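Notes follow the structure.
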Amino acid sequence: MQAKQKQQDIELFRLIQAGDEHAFAQARDQYYHTIYLNSFIILNDRAEAEDVAQEVFIELWNKKNHIHIESNLSGYLTKAAHNKSLNKLNHKQKSVRRDLIYSESTGTVIEQPTPTIYDELLDNLKEVIKELPEMSRRSIEMVYWEKRTHKEVAQITGLSINTIKTQIYNSLKIMRSKLRLK
C-alpha cells in the first residue's frame, strides 16, 4: 500500500473513531467488495460471505474506540473478515460432523446438499481467475488460497512487493467487473 493510501486510511479511521458516519460509509463503500470476495473464497457461500462483510463493518463501528489501527484499515478489515470466515467455516464443519455422528448413531440418513447457485458462483469465480494473466493469477492464488503474504509472493516470483500489490489490486478489479457481468 502506498504511503498516501496509508495516510488516507489512518485519517479515515480517525474520523470513524470520532463518530463520523460519512467516513464509515466511505470505508464500507471502498472496502466492502474486497472483504466480500475474500470471505466468499473461503466460505464458498454467497449469503455467509455477505454476513461476514456486514459483521466486520458492524464490529468496526461498534468497537471503533477499542480498535487500534496505525497504518492499514483495509488490511485490518480483510484480516477480520478472513478470521470470521475461517471461524464460520470451522463451525460449519463441526456442525456437519456432529450431524454425521448423530445420524450414524441413530441410523438416520442425512441427504447431501444438492448443488446450488453458490456452486455456480464459485465456478464463475474460478473461471474468471483462470482468465487472468499468468503472473496475476498466480499472485491471487498465492495470497488468497495459499495464504502467503505479499512479501512472500514477491520473494517467490522475484517481483517487488509493490508490483505484487498492484497485480492483486488490478486483478480484483477485473474479477469484480467480470463477475458483475455474469
State the number of residues belonging to the range 132-182 that are over 19 Å from T78 (Cα atoms) and among the polar types (S, T, N, Q).
-> 6
Yes or no: A49 outside the structural domain of E141 (by TED's automatic domain parsing) and either surrounded by 18 or more Cβ atoms within 10 Å (Cβ to Cβ) or modelled with pLDDT of 90 or more (or both)?
-> yes
Could you please let me know if E21 is among the acidic types (D, E), surrounded by fewer than 16 Cβ atoms within 10 Å (Cβ to Cβ) and at pLDDT 85 or above?
-> yes
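Please determine whether any residue of the range 28-41 is surrounded by fewer than 15 Cβ atoms within 10 Å (Cβ to Cβ) and not aliphatic (A, V, I, L, M).
yes
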Among all residue pairs at least 6 apart or on different chains, which show Cβ distances below 9 Å where the first residue, located in the range 1-26, is within 23 Å of H150 (Cα to Cα) and among the polar types (S, T, N, Q) and the second is modelled with pLDDT of 85 or more and surrounded by 15 or more Cβ atoms within 10 Å (Cβ to Cβ)?
-> Q2/K165; Q8/L73
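The values are calculated or read from the model by the stated rules, or taken from the named source; none is laboratory data. Predicted model only: the values in this text are computed from it and were never measured. Cβ: placed from backbone, ideal geometry, glycine included. Neighbour counts: every protein chain shown.
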